[in-house]
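Q: One structure, pasted below without further comment.
The values are calculated or read from the model by the stated rules, or taken from the named source; none is laboratory data. Model, not experiment: these values are computed from the prediction. For neighbour counting, all protein chains shown are included, and Cβ atoms are generated from backbone atoms with ideal geometry for every residue, glycine included. Please note that ligands, DNA and RNA were not included when accessible areas were found on the heavy atoms of the full protein model with its side chains. Shrake-Rupley method; radii C 1.70, N 1.55, O 1.52, S 1.80 Å.
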Amino acid sequence: QNEEKWDFVLVSDIHEMGSEKEIKRKKFLEELSKKGFTIKKIEDTKLFYGVRAPLHIFQKYQCFLTNSDSRQQNSSASQDIPVTTRIRVVNFILQNTVTSDLEKLHDLMRKKVFEAAFPLHKNEEIRRILKKKWARWRVMFKEQPIEEIRCYFGEKVALYFAWLGWYTYLLIFAALAGLATVAAGATVFSSSQVSKEICDANDTIMCPLCDQNCSFWVLSDTCTYAKVTHMIDNEATVVFAMFMAIWATVFLELWKRERATVATNWDVYGWDEEEEELALHLINNSQHEPQMYQHSYFRSTIVLILALLMITVLIGIAHALVIYRAVAMALFMQSEAGLLSKHADTIAVMTGAVLHYLTIVIMTKVSSHTGCLAGFSMASPPLTVFLCPAEKPRTFSQGENNFTVKIFIFQFFTNFSSLIYIAFFLGRINGHPGHYVRIAGHWRLEECHPSGCITDLFIQMAVIMVLKQTISNIMEYLIPWISHQLRKKKKSPKKRSMMLGEEEEAEDPCKRQWLNNYELNEVNNFSLFNEYLEIVIQYSFTTIFVAAFPLAPLLALINNVIEIHMDAIKMMRLRRRMVPRKAKDIGIWLQVLEAIGILAVIGNGLVIAITSDFIPVQVYKYMYSPCARENHTSMDCSTGYINNSLSVFHIRDFEPHTKVLPEFNGVQIKKYRDYRNADDYTYTVQFWHIFAARLAFLILFEHVALCVKLIAAWYIPDVPQKVKNRILKEKHSNLQNELRWVMPWKVPG
């Protein structure tokens, strides 16, 4: 037997003769036989059915579509048809074959009539090349064999790895810029006047961080944190944020050019997905009627309401994390353990970040089971439907796009709702000493870290990114590996007594191959989607709040180098073969990335304007410092900033239930970070000056960054000139060829 001839394998339990499941299975196989499919049965602990499509199906496909397959292949020889094309066409027919009971394959799999359906990993030369040059850790720093990936997994998977490789390559420049920013903060700005003043403030007594048994503290206690904070909160950060806004645009524009080149080389630049789907429907059923475009405002309203409810739940989870941090802060401060009480604020932030990470993991699992591709899953029962039944997507592609947008929005709020609170609300809605905002009238809302609000954001992002790129990646590899080992033990063939006539079947050379493929982990239409989602969320972390965590691009770069080859190993060694799908770009993910680029400009502008101390320092320098009053050329203009940024509070104005430790009973005045008057605690004029400067900077930064993005997008053409000229020549050549077939009209004399 020639293993190359079998396009697909269907797997079923051995059902009782005459049972409902056995009858349904026979009906489905009979429908395939009517279409000319060759079916081979092998029995072991399961029933395996090898499926091979007739040649005329592929001849119809080639006649319908004038694509690369039909131009480059000989339609009279089945062996010349690319394996990826065979698998794609056969999968479509299998998924859309309807039995006399009006059931399709996904219905039968949901009812356990069939357990699995998959194409085979075959012992081809191209597979050996991919295992040697791609799916190994030792080739981690070598170029990916994109052409071989395309020939084995199809254009969609190849474009994913081409995009991921391109993104990883350009991350080198972003990572170097981030390192330079941190290095500048550690060297040039390490001796800053602001840090010196904090470290020398031995007599500046600050308000306690909790109500019960919390000591006053001296500002100089935060000296180390102040130096670390200034590494990321300095003038270089503004330049870096602007650089990353431009980098995000240049990355996408250069990818569009790379995509155009790749798509042209693969002859899919002008490929029409809708036309191909219509052609496959007609091949499967010549009486097929296309589903018309429809739009229902009622269905859209229902979907919008459900989506908003889901987002509300996610925001509620973020609020729960806020409550946890407030309660944890109070409990840690009252702890008898010296380490907990001394570093209560930092520990509360870090444990809150770990809880946020766990929330992300859990909600990722939940959202993946609330999708809209029901019925499209190939190797598993349809997913639980939550949002998209009301939408009724017309095609698989439309359903996939709807699903992508919704899941990304849910994942975005899951990942960033807590970060948004820390960046823009933490420390700004908690009130002031003597009049704190409290949760349930008891726990006061958490304040920013004593060294600045940007420190909280830095810690939160660092913890989440490190955990996501260590624990999540380890589990992403270990779970499929362990699952594969367990499946091998559980589903290996068992020796049983042979009856007359079974000897030849037991020795069939296909049996071992089919079993080996069956023992691999399942794949479905979400397998590649999950890989895209993981990297796009990482791209969001790398761009949106990068001003608070300049090392994010470096962590992303390290992760991606590992991710590429970990995905390769999973696809080649641990998972069944994915159904190859044709594509000419990365689809709706490009629009998602462009939206993230705009959010990155807004997010970084807000971080610098609101979270960072950059604006207050500049306002002080130019309006309130000694330099503003007199011409002091030798003095650092930020001298006196720290004392200027602290407000005075009188102990007598504490809330009645606040306990002050006995050793501080004689202290009458304390300081806290804010711009308030000492008598009635209203905002000072300087507060409003800073507020106006923050707003002006935000408007200026975002307009300049967006203008630069637009100029960069205009300056870099989406399609290279050589690609345009190649397409132009092909069009001209095709028209010339058609013209030769046109007979000249004879003009009557």
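Q: What are the pairs, 6+ residues apart or on separate chains, where a residue within the range 720-738 that is under 15 Å from ALA263 (Cβ atoms) has its Cβ under 7 Å from a residue that is modelled with pLDDT under 90?
A: Cβ pairs passing all conditions: ILE727/TYR269.
Q: Here's another thing I want to ask about it. On the basis of being within 35 Å of the chain's Cα centre (by Cα), under 30 Å from VAL250 (Cα atoms) and either modelled with pLDDT of 85 or more or surrounded by 15 or more Cβ atoms within 10 Å (Cβ to Cβ) (or both), does LYS122 make the cut?
A: Working: within 35 Å of the chain's Cα centre (by Cα): yes; under 30 Å from VAL250 (Cα atoms): no; either modelled with pLDDT of 85 or more or surrounded by 15 or more Cβ atoms within 10 Å (Cβ to Cβ) (or both): yes.
In short, no.
Q: Still on this structure: Give the residues of the range 557-581 that are crowded, with 19+ Cβ neighbours inside 10 Å and charged (D, E, K, R), sorted by residue number.
A: Selection gives GLU563, ASP567, LYS570, ARG575, ARG576, ARG577, ARG581.
Q: Looking at the range 93-119, which of its residues are outside any helix (DSSP H, G or I) and open to solvent by 30 Å² or more (accessible area, probe 1.4 Å)?
A: To start, the set of residues in the range 93-119 that are outside any helix (DSSP H, G or I) comprises 97-104, 111-119.
VAL98, SER100, ASP101, LEU102, LYS104, LYS111, LYS112, GLU115 - these are the residues of the range 93-119 that are outside any helix (DSSP H, G or I) and open to solvent by 30 Å² or more (accessible area, probe 1.4 Å).
Q: Further question on the same structure: Please list, ordered by residue number, the helices (runs of 4 or more DSSP H) wholly in the range 280-368 having 2 or more residues that are open to solvent by less than 70 Å² (accessible area, probe 1.4 Å) and touching a strand residue (DSSP E or B) at 6+ places or on another chain (Cβ under 6 Å).
A: Numbers: elements: 297-333, 338-342, 344-368.
Ranges flagged: 297-333.
Q: Can you find even one residue in the range 394-409 that is under 27 Å from THR237 (Cα atoms) and either modelled with pLDDT under 80 or assigned to a helix (DSSP H, G or I) (or both)? Steps first, answer last, please.
A: We begin by selecting, within the range 394-409, every residue under 27 Å from THR237 (Cα atoms); these are none.
Checking the range 394-409: not a single residue is under 27 Å from THR237 (Cα atoms) and either modelled with pLDDT under 80 or assigned to a helix (DSSP H, G or I) (or both).
Q: The conditions are (1) closer than 26 Å to TYR532 by Cβ; (2) modelled with pLDDT under 85; (3) basic (Lys, Arg), and LYS131 fails exactly one of them. Which is it?
A: Here LYS131 meets the rest and fails (2).
Q: Could you tell me whether any residue of the range 525-540 is more than 15 Å from the chain's Cα centre (by Cα), open to solvent by less than 10 Å² (accessible area, probe 1.4 Å) and modelled with pLDDT of 90 or more? If you could, list the steps in order and put the result at the bottom.
A: Step one: filter the range 525-540 for residues more than 15 Å from the chain's Cα centre (by Cα), giving 525.
Next, only the ones that are open to solvent by less than 10 Å² (accessible area, probe 1.4 Å) stay: none.
Among the residues of the range 525-540, not one is more than 15 Å from the chain's Cα centre (by Cα), open to solvent by less than 10 Å² (accessible area, probe 1.4 Å) and modelled with pLDDT of 90 or more, which makes the answer no.
Q: Examine the range 559-572 for a residue that is under 30 Å from GLU275 (Cα atoms) and either touching a Phe, Trp or Tyr at 6+ places or on another chain (Cβ under 9 Å) or of a type outside the set (Ser, Thr, Tyr) (or both), and state whether such a residue exists. First the steps, then the outcome.
A: Here is the first cut: in the range 559-572, the ones under 30 Å from GLU275 (Cα atoms) are 571.
The next check asks that each one be either touching a Phe, Trp or Tyr at 6+ places or on another chain (Cβ under 9 Å) or of a type outside the set (Ser, Thr, Tyr) (or both); those that pass are 571.
Yes.
Q: Another question about this same structure. Is one or more of the residues making up the range 235-246 among the acidic types (Asp, Glu) and more than 30 Å from LEU331 (Cα to Cα)? Break it down into steps so the answer makes sense when it comes.
A: Filtering the range 235-246 for residues among the acidic types (Asp, Glu) gives 235.
Still in the list and also more than 30 Å from LEU331 (Cα to Cα): 235.
Scanning the range 235-246 turns up at least one residue that is among the acidic types (Asp, Glu) and more than 30 Å from LEU331 (Cα to Cα).
Q: Does the range 51-59 contain any residue that is part of a strand (DSSP E or B) and modelled with pLDDT of 90 or more?
A: As a first pass, look at the range 51-59 and keep what is part of a strand (DSSP E or B): 51-52.
From what is left, the residues that are modelled with pLDDT of 90 or more are 51-52.
Yes, some residue in the range 51-59 is part of a strand (DSSP E or B) and modelled with pLDDT of 90 or more.
Q: Have a look at ILE642, ILE651, ILE690 and point out the one that is in contact with a helix residue (DSSP H, G or I) (Cβ under 9 Å, 6 or more places away or on another chain), at pLDDT 75 or above and either more than 19 Å from ILE205 (Cβ to Cβ) or open to solvent by 60 Å² or more (accessible area, probe 1.4 Å) (or both). Show your work before the answer.
A: Details: ILE642 fails: either more than 19 Å from ILE205 (Cβ to Cβ) or open to solvent by 60 Å² or more (accessible area, probe 1.4 Å) (or both); ILE651 fails: either more than 19 Å from ILE205 (Cβ to Cβ) or open to solvent by 60 Å² or more (accessible area, probe 1.4 Å) (or both).
Answer to the selection: ILE690.
Q: In this structure, is ILE471 part of a helix (DSSP H, G or I) and among the aliphatic types (A, V, I, L, M)?
A: Working: part of a helix (DSSP H, G or I): yes; among the aliphatic types (A, V, I, L, M): yes.
It is true that ILE471 is part of a helix (DSSP H, G or I) and among the aliphatic types (A, V, I, L, M).
Q: Sort out which residues of the range 424-461 are closer than 26 Å to ILE608 by Cβ, in contact (Cβ under 8 Å) with a residue 40 or more places away in the chain, open to solvent by 20 Å² or more (accessible area, probe 1.4 Å) and not in a loop (DSSP other than H, G, I, E, B), and write them in order of number.
A: Within the range 424-461, PHE424, HIS432, CYS453, PHE458, ILE459 meet the criteria.
Q: Filter the range 242-271 down to residues that are over 27 Å from the mean Cα position of the chain (by Cα), modelled with pLDDT under 90 and open to solvent by 70 Å² or more (accessible area, probe 1.4 Å), then give me how many there are.
A: The total comes to 1.
Q: Identify all residues within the range 149-163 that are within 12 Å of ILE564 (Cα to Cα) and open to solvent by 10 Å² or more (accessible area, probe 1.4 Å); write none if there are none.
A: Across the range 149-163, the qualifying residue is only ALA162.
Q: Scan the range 431-450 and tell me whether some residue there is modelled with pLDDT of 85 or more, out of contact with any Pro (no Cβ under 7 Å at 6 or more places or on another chain) and hydrophobic (A, V, I, L, M, F, W, C).
A: Let us first name the residues in the range 431-450 that are modelled with pLDDT of 85 or more, namely none.
No: zero hits.
Q: Hey, among the residues in the range 16-50 that are assigned to a loop (DSSP other than H, G, I, E, B) and touching a residue at least 12 places away in the same chain (Cβ under 8 Å), which one's farthest from MET109 (Cα to Cα)? Reasoning before the result, please.
A: First, pick out the residues of the range 16-50 that are assigned to a loop (DSSP other than H, G, I, E, B): 16-19, 35-37, 44-46.
If we keep only those that are touching a residue at least 12 places away in the same chain (Cβ under 8 Å) too, we end up with 35-37, 44-46.
Numbers: LYS35: 21, GLY36: 22, PHE37: 20, ASP44: 19, THR45: 18, LYS46: 15 Å.
So, considering only residues that are assigned to a loop (DSSP other than H, G, I, E, B) and touching a residue at least 12 places away in the same chain (Cβ under 8 Å), the one farthest from MET109 (Cα to Cα) is GLY36.
Q: So which of ALA248, ALA263, ALA236 ends up being free of Cβ contacts under 8 Å to residues at least 60 places away in the same chain and within 30 Å of SER540 (Cβ to Cβ)?
A: Details: ALA248 fails: free of Cβ contacts under 8 Å to residues at least 60 places away in the same chain; ALA263 fails: free of Cβ contacts under 8 Å to residues at least 60 places away in the same chain.
It is ALA236.
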